[in-house]
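The values are calculated or read from the model by the stated rules, or taken from the named source; none is laboratory data. Model, not experiment: these values are computed from the prediction. Every residue, glycine as well, gets a Cβ built from its backbone with ideal geometry; the counts of neighbours run over all protein chains shown.
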Amino acid sequence: MKKNKSFTIFVLLTTIFCLNGCGNATEEEKELADFSASISEFTAVIKDADEQINTIDTSSEDASEELLEILDNLDKEFQELAQLSIPEQYKSIEELADEASINMTNAVSYYHSAYEAEEFSEEDANIAYQYYTRAMTRVQYIGYILIGEIPEGDNITVHEETRENKLLDKLLHDDEEAIEGMPVEATDTFSE
């Protein structure tokens, strides 16, 4: 099932990227294609890092240095993800990308503390793993949203903002001008 979702994301992103190749693409289509290409690159980097981490020879003297180098590169990629220009239809992932980046930065910092101390710090390694897991969970949520699914779980809350909610707010504040030109939109926020 995981491969199927990855394939679906890949096909979706490739299709969007192809739209960019059309000479008559709108600015919105170009923005979407650029975003799609960036997400595809990010996905490839994550897969590559996962493969590299899983192939580290743990008995090697350089194992911790290899791990830290991979994690440093991941941290840079997560920071770039948080800085992406996100198309309007995917604005709900903006906060998730920021949170993923912050969590990855914290994870990398604690991994460095754990492995670079005179004596390995299991406590720092555990904290680092928790931050790493949070970062990767948020990336997973982003993937769900990009393919049109709503993540589920005990720690996920979905908030929808509808026109009726805004209309009531505007009526309560007697803002008639804002009511007339009010667009209909939905915003989903996910938190762990």
Which condition breaks for K30 when tested against (1) within 20 Å of I147 (Cα to Cα); (2) in contact with a Lys or Arg (Cβ under 9 Å, 6 or more places away or on another chain)?
(2)
Suppose we filter the stretch 53-108 for residues that are polar (S, T, N, Q) and in contact with a Leu (Cβ under 7 Å, 6 or more places away or on another chain); how many remain?
1
Note on the stretch 61-76: residues within 19 Å of Y129 (Cβ to Cβ) and among the charged types (D, E, K, R) are E65, E66, E69, D72, D75
Only one of E61, E99, E65, E119 is part of a helix (DSSP H, G or I) and surrounded by fewer than 17 Cβ atoms within 10 Å (Cβ to Cβ). Can you tell me which?
E65
Only one of these conditions is not met by E28: (1) more than 22 Å from R134 (Cβ to Cβ); (2) at pLDDT 95 or above. Which number is it?
(2)
